Amino acid sequence: MNEQLGTFAQIDTDRLLNCLAGLSSADPLLPVCQSMLGYGLHMLSGENDLAFHLIENAARLAPNFALNLDHLAVMHLVRGDLDQAEAAWRRLNLVGQNSPWRYTYDVTGAMIHLMRGDMRQSLYFANQSMFRKPRYLAALRYSMIGLALSDRPADAARMLNRIRV
């Protein structure tokens, strides 16, 4: 939904929430499930208020789980709260330093810096992500945006070609 790719598919939100409600509050996977469901609702159906609530609760239950913090940072960005997005992202960088998903956390950093107008840092984090995972489309996309906004249209065009490939 938010990427505007493919065809729209109706998501049965009630069924997914019922599955989530069936988990015990003591289940160690509850925060992971809440965060993934929230992020899925954000990306697939645009249900951002519900997504934020689920992800915020997941971060409350597991405050040092890096993936939750990444989702929380993105949701704060979606809501226009750059300070809270950056706070979640900074915490994420402390706890997720050695995570195999670090490449996604770098893209979140690129997004935050882009929204703050700091193209140099945005490009830095997009490039860090590409270094970690060279074909990650989000990293390529934010690198292209940073290059275009940094008056480097030829480099941005090369990046666009790389994205298309």
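The values are calculated or read from the model by the stated rules, or taken from the named source; none is laboratory data. Here the structure is a predicted model, which is why all the values come from computation and not from measurement. Note that each Cβ is placed from the backbone with ideal geometry, even for glycine, and that neighbours are counted across all protein chains shown. Note: areas computed on protein heavy atoms with side chains; ligands, DNA, RNA excluded. Shrake-Rupley method; radii C 1.70, N 1.55, O 1.52, S 1.80 Å.
Residues are listed down the side, and each one gets a yes or a no for (1) open to solvent by less than 60 Å² (accessible area, probe 1.4 Å); (2) of a type outside the set (Phe, Trp, Tyr); (3) part of a loop (DSSP other than H, G, I, E, B):
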position: 14; (1), (2), (3): no, yes, no
position: 17; (1), (2), (3): yes, yes, no
position: 51; (1), (2), (3): yes, yes, no
position: 55; (1), (2), (3): yes, yes, no
position: 64; (1), (2), (3): no, yes, yes
position: 86; (1), (2), (3): yes, yes, no
position: 91; (1), (2), (3): no, yes, no
position: 106; (1), (2), (3): yes, yes, no
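What do you reckon, is residue 37 assigned to a helix (DSSP H, G or I), modelled with pLDDT under 95 and in contact with a Gly (Cβ under 7 Å, 6 or more places away or on another chain)? No: the conditions fail for residue 37. For the condition open to solvent by 50 Å² or more (accessible area, probe 1.4 Å), of a type in the set (S, T, N, Q) and within 27 Å of residue 143 (Cα to Cα), residue 97 qualifies.
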